[in-house]
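So the structure is just underneath, and the comments pick up after that.
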Amino acid sequence: MPMAMIAMFLNIDPNRIAPALKEAGQQLNGSEGEVVLDFSSVRRVDSAALQAMEDFAGIAEEKTIKVVLRNLDVDVYRVLKLMRMTRRFSFLH
């Protein structure tokens, strides 16, 4: 019997990107699921946020969990593209 995919939805606070992703990473368990991170209020990311995103993607990858970034600002996407991080995420508008 196949396992049901579990979805987790998290609104990202632009003032707490790194701590929010660290907390969310600690809550990831099981395998085969999806995490949707709503970036609609985020207009820029700093180096700490980028590191947190990289760490979160690594944790999710280990647990076979797909990470979806939703409502990502085009400038934030460009930063992820420059840092070669876009391959680690899926994107929704």
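The values are calculated or read from the model by the stated rules, or taken from the named source; none is laboratory data. These numbers were taken from a predicted model, which means no experiment stands behind them. In this analysis, Cβ positions are derived from the backbone assuming ideal geometry, glycine residues included, and neighbour counts consider all displayed protein chains. Areas reflect the complete protein model, heavy atoms only, side chains present, ligands, DNA and RNA absent. Shrake-Rupley method; radii C 1.70, N 1.55, O 1.52, S 1.80 Å.
Distant-in-sequence amide contacts of residue 28, defined by a placed amide H-H separation under 5 Å and a gap of 5 or more residues or a different chain, comprise nothing.
For the chain, which GluC sites (Glu not before Pro) are in a loop by DSSP, counting at most 14 other Cβ atoms within 10 Å? The qualifying sites are 32. Mean-square fluctuations from a GNM of the chain, with a 10 angstrom spring cutoff on Cα atoms, peak among 18, 60, 48 at 48.
Using a Gaussian network for the chain with springs between C-alpha atoms less than 10 Å apart, which of these wobbles most: 22, 66, 81? Most flexible of the set in this elastic network: 81.
3J(HN,Hα) along the range 50-58: 4, 5, 5, 5, 5, 4, 4, 4, x Hz, from the Karplus curve 6.51 cos²θ - 1.76 cosθ + 1.60 with θ = phi - 60°, whole Hz, x for Gly and Pro.
Less than 5 angstrom separates the built amide H of residue 35 from those of 8, 66, 67, 68, all sequence-distant by 5 or more or on a different chain. Rounded, prolate or oblate: which fits the chain when a ≥ b ≥ c are the square roots of the eigenvalues of the alpha-carbon gyration tensor, with rounded for a/c under 1.5 and prolate only if a/b beats b/c? It comes out prolate by the Cα gyration axes.
The stretch between residue 73 and residue 47 holds 7.7 nm of extra length on full extension. This uses 0.36 nm per residue minus the Cα-Cα distance. Across the chain, the relative contact order, built from alpha-carbon pairs under 8 Å that are at least six residues apart, equals 30 percent. Comparing 35, 45, 74 in a Gaussian network model of the chain, where Cα atoms under 10 Å apart are tied by springs, the biggest mean-square fluctuation is seen for 74.
Measuring only protein heavy atoms, the 1.4 Å probe finds residue 82 accessible over about 140 Å².
Helices in the chain, meaning DSSP H runs of at least 4 residues, each add -39500 (n - 2.57). Divided by all residues, the mean residue ellipticity at 222 nm is -12000 deg cm²/dmol. For the chain, the longest principal axis of the Cα atoms and the long axis of helix 17-27 meet at an angle of about 10 degrees.
Computing FRET efficiency as 1/(1 + (r/R0)^6) for residue 27 and residue 81, where r is the C-beta to C-beta distance and R0 is 25 Å, gives about 0.35.
The apolar share of the surface of the chain, taken as the fraction of accessible area on carbon and sulfur atoms (1.4 Å probe, ligands and nucleic acids excluded), comes to 52 percent.
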